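The values are calculated or read from the model by the stated rules, or taken from the named source; none is laboratory data. None of the values given here were measured: they were computed from a predicted structure. Positions of Cβ are generated from backbone atoms using ideal geometry, with glycine treated the same way; all protein chains shown enter the neighbour counts.
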């Protein structure tokens, strides 16, 4: 089990920022930025390649489904056991659609996990537009 020593961390932060000199001429507000996207309006969904993690000298391989909101940058990796449409659709519905608002559109690649007969109904029932992409690198890739 990993533990963090917060006492040392607070000492480091205090020592670093106590003597910091901030010149008022250098401090200025950034101009307001218009959002390029509306939060939770689009959703990029993709499967990541199997990842291996070494934990307690044991190598563990896992698969994940990523759901990415491009406006907020929220990327949620969802652990999956099988790369089949029924399992992927259940995980997407249980781990994303139940916690966040329904997006108007869901962007994904043309793999059978997303174009299969189990994934499409969870998009059609609440009225989520299905937007399959045909690209070499999917926009929903998340590096874990």
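The set of residues in the stretch 62-76 that are at pLDDT 80 or above and part of a strand (DSSP E or B) comprises 63, 64, 65, 66, 67, 68, 69, 74, 75, 76. In the stretch 15-34, is there at least one residue being at pLDDT below 85, in contact with a strand residue (DSSP E or B) (Cβ under 8 Å, 6 or more places away or on another chain) and part of a loop (DSSP other than H, G, I, E, B)? No. Kindly indicate whether residue 141 is surrounded by 14 or more Cβ atoms within 10 Å (Cβ to Cβ), touching a strand residue (DSSP E or B) at 6+ places or on another chain (Cβ under 9 Å), modelled with pLDDT under 85 and under 19 Å from residue 48 (Cβ atoms). Yes. Scanning the stretch 94-115 for any residue that is crowded, with 17+ Cβ neighbours inside 10 Å, touching a residue at least 24 places away in the same chain (Cβ under 8 Å), touching a helix residue (DSSP H, G or I) at 6+ places or on another chain (Cβ under 6 Å) and farther than 23 Å from residue 71 by Cβ turns up at least one such residue. Every test in (1) surrounded by 13 or more Cβ atoms within 10 Å (Cβ to Cβ); (2) at pLDDT 80 or above; (3) in a strand (DSSP E or B) is passed by residue 79 save one, and that test is (1).
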